[in-house]
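One structure below.
Every number in this text was worked out from the coordinates using simple rules, so none of it is lab data. No experiment lies behind these values; they were computed from the predicted model shown. No Cβ is skipped: glycine too gets one built from the backbone with ideal geometry, and neighbour counts run over all protein chains shown.
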Amino acid sequence: MKDLHALFRHSLAGLRMLVAATLLLGVVYPLVVTGIAQVAFPWRADGSLVTAAGTHTTDADKAVGSALLGQLVDDPGLFQPRPSAAGDGYDPLNSYGSNLGPESPDLIAAIKERKADIAEREGVDPAEVPADAVTASGSGLDPDISIQYADLQVTRVARANDLTEAQVRGLVADHTSARTLGVLGEPRVNVLELNIDVLRLAGRDAPPA
């Protein structure tokens with residue numbers, strides 16, 4: 001009987017700890033963190049949404065995309081993102097990499113084809129096409145491209161929008177971010193924000209998301 005009583009007490013204590021931990025970590029902590037984020041960083045907390053004017057917004061009805069998520073670009077006169085293996089491309093509900101190794105025949109063939117297509121589109125030698133232009137990111141949702149890939153597209157974008165290359169290069173520079181904390185990753189260019197400014201400078205409307 002004593003053993004049964006002790007087991008009951010221990011089980012009750014464990015249950016109380018479970019309930020307390022669930023309330024603290026599953027309810028109180030998320031609410032506190034969400035509240036702090038909404039007050040201190042509302043734009044980031046709401047998904048880093050961007051309007052057609054290139055401004056930050058917390059209103060999803062006015063957004064054309066997120067600065068944190070890449071998206072397919074149908075307009076051949078705009079900067080193109082890197083390839084995506086997420087669903088049919090940049091599907092946030094199906095974030096995924098290709099899972100193909102560097103020696104995969106399928107990946108090698110895909111890279112060769114992409115490199116040839118980009119070289120023809122940009123009028124350059126295939127050897128000038130950078131790696132990020134022909135490979136998908138691990139998530140398939142990378143919103144950025146390398147400075148090298150952005151530079152490769154400047155001539156085409158400038159010509160398609162009746163802009164000078166100097167104007168377009170200036171926009172690329174404006175939307176170039178340095179390494180995170182000065183050491184992590186590589187300098188990068190946000191495609192969505194860059195294309196919004198290209199359209200603005202060319203007097204064109206940004207497409208809906």
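Details
- Pick from the range 54-94, criterion under 21 Å from Asp117 (Cα atoms) and polar (S, T, N, Q), ranking: surrounded by the fewest Cβ atoms within 10 Å (Cβ to Cβ): Gln71
- Count - residues of the range 71-115 that are outside any helix (DSSP H, G or I), of a type in the set (D, E, K, R) and in contact with a helix residue (DSSP H, G or I) (Cβ under 7 Å, 6 or more places away or on another chain): 1
- Here Asp205 fulfils each of the conditions (1) more than 22 Å from Ala85 (Cβ to Cβ); (2) under 16 Å from the mean Cα position of the chain (by Cα) apart from (2).
- Scanning the range 179-209 for residues that are loosely packed, with under 11 Cβ neighbours inside 10 Å, assigned to a loop (DSSP other than H, G, I, E, B) and of a type in the set (A, V, I, L, M, F, W, C) gives Leu181, Val183.
- Complete set of residues in the range 116-147 that are in a loop (DSSP other than H, G, I, E, B) and farther than 26 Å from Thr180 by Cα: Gly123, Val124, Asp125
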